[in-house]
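So the structure is just underneath, and the comments pick up after that.
The values are calculated or read from the model by the stated rules, or taken from the named source; none is laboratory data. Note that the structure is predicted; figures quoted are calculated from it, not measured. Reconstructed Cβ throughout: ideal geometry from the backbone, glycine too, with neighbour counts over all protein chains shown. With ligands, DNA and RNA removed, areas are computed over all heavy atoms of the protein, side chains included. Shrake-Rupley method; radii C 1.70, N 1.55, O 1.52, S 1.80 Å.
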Amino acid sequence: MSPESKKLFNIIILGVSFMFIFTAFQTCGNIAQTVITNLNNTDFHGSGYTSMSIIYGVFSASNLISPSVVAIVGPQLSMVVSGIFYSLYIAVFIQPATWAFYTASVFIGIAAAVLWTAQGNCLTVNSDENTIGRNSGIFWALLQSSLFFGNLYIYFAWQGKTHISESDRRTVFIALTVISLVGTVLFFLIRKQEDTKAPGEEDSANEILGDSLSAQNKMTRAVAAFKKSIKLSFTKEILLLSVTTAYTGLELTFFSGVYGTCIGAVNRFGGEEKSLIGLSGIFIGVGEILGGGVFGLLSKNNRFGRNPVVMLGIVVHFIAFYLIFFNMPNDAPIASMEGTDDVAYMIPSKEVAIFCSFLLGLGDSCFNTQLLSILGFLYSEDSAPAFAIFKFVQSICAAVAYFYSNYFLLQWQLLIMVVVGFFGTITFFTVEWEAAAALVARGSDYSSI
């Protein structure tokens, strides 16, 4: 197998592994609040929103140390161990206990930081400036196809149900746990590149015999990675991209947790509201896959760079927010177990609700594929710290959004996203124009990025 084929194989395995793990985790996140609301066990007092807030809060803090962990352990083993923690979190829902639920939320927050930092490192090492756009698109399309499979099952299994029984819950979460473990095992198929090997890694016999140089070098790399993260955090490009990244954190919370809860709370959907949560997830996935495929795989033919894709993303999201504002009751995110009978500015329409799901997914893919691409392009030599900062900002904003989702009416959540999204688009444009100017100065073709 040629070096280029080997790299493409690694990207595909990376994407398929994430597809399995996040088929389980994103389906879990999409239905968690609905399942918890329907729990008969009076000893359980957890909240899906609070759990997600803990996960993303710990996630954001853990990104400060995740480059060091990846430097010491290596990206492959980092992803395997993280995948195990994802599986344990999902398994908690088989027999929920409040203490286990929140404890698992803390551990998965740490695991997520390590997983995504290792993913960014693996993506960058297996790409160059000519293939980073294509590889980002392949990875993103495979990752987001996870939204399709899990939610398709939820749609058919929960069709016509207004209450989720204990048997329904256990069946779903046992299946999701197994799916997550399959994705974790697939990480072992990723073939190591020379760049990703820690010093002395290829000769494990020497390490067993007492080669202390490897351990010393790994610790040096860990300290260097931490220092690099701090230094990069204050660069102009990272500060500007942080506004864009903050927006992706807010809208991630909205489409992955809040919007499904809103749909499930609307009684005027006539007994179909629970199965519509699954259908909504499917159409978010369709939007994500379409965006990842079109804007990633066809990136080499894009002569105008990343800005038009981000512009399309913000326009699509603004249309979605406008329609959601008119279609969804204002109290839908915080409705009780009985749901809401309120009406917004039109009679709630299932078709409009599902169309908005598609728009949310399409817009999210526009932003994330281009952020992955520009980070891989700007920081090809510092990939782990750069992606750690990206996930730090994204996750802390997601944590804040999950926290206020417990209290804010729908209109205020939409307004926050509109304001941050507007400024995030402008800051992305600024960084992209500077990247284009630097590329032209080097004599490279701008369309290749």
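Projecting the Cα atoms of Val400, Pro348, Leu371 onto the charge dipole of segment 337-406 (Cβ charges, centred on the Cα centre) puts Leu371 farthest toward the positive pole.
For segment 318-388, the direction-averaged projected area of the alpha-carbon convex hull comes to 6.7 nm². Taking Cβ atoms as reference points and 14 Å as the exclusive limit, the residues near Ile319 contribute a net charge of -2, counting Lys and Arg as +1 and Asp and Glu as -1. Highest mean packing comes first when the peptides 249-255, 8-14 are listed by Cβ atoms within 10 Å, giving 249-255, 8-14. Across the cross-link table entries Lys7/Lys236; Lys7/Lys228; Lys6/Lys231; Lys7/Lys391; Lys6/Lys236, which are compared at the Cα atoms, the separations over 28 Å belong to Lys7/Lys236; Lys6/Lys231; Lys6/Lys236. Scaling the Cα radius of gyration of segment 35-141 by the globular reference 2.2 N^0.38 Å produces a ratio of 1.28. The gain in end-to-end length when the Val418 to Lys236 segment is fully stretched comes to 63.2 nm, 0.36 nm per residue minus the alpha carbon separation. In this label model, Trp99 and Leu77 are separated by 3.2 nm, measuring between points 7 Å along each Cα→Cβ vector. Within the accessible surface of segment 1-116, defined with a 1.4 Å probe on protein heavy atoms only, the carbon and sulfur portion equals 73 percent. For segment 71-112, the alpha-carbon radius of gyration amounts to 1.27 times the rule-of-thumb value 2.2 N^0.38 Å expected for a compact globular protein. Element breakdown for segment 309-423 at a 1.4 angstrom probe: carbon and sulfur atoms account for 72% of the accessible area.
One way to sum up the overall shape of segment 251-291 is the equivalent ellipsoid from its Cα gyration tensor, whose semi-axes run 20, 12, 6 Å, largest first.
Between segment 76-142 and segment 353-373, the alpha-carbon centres lie 20 Å apart.
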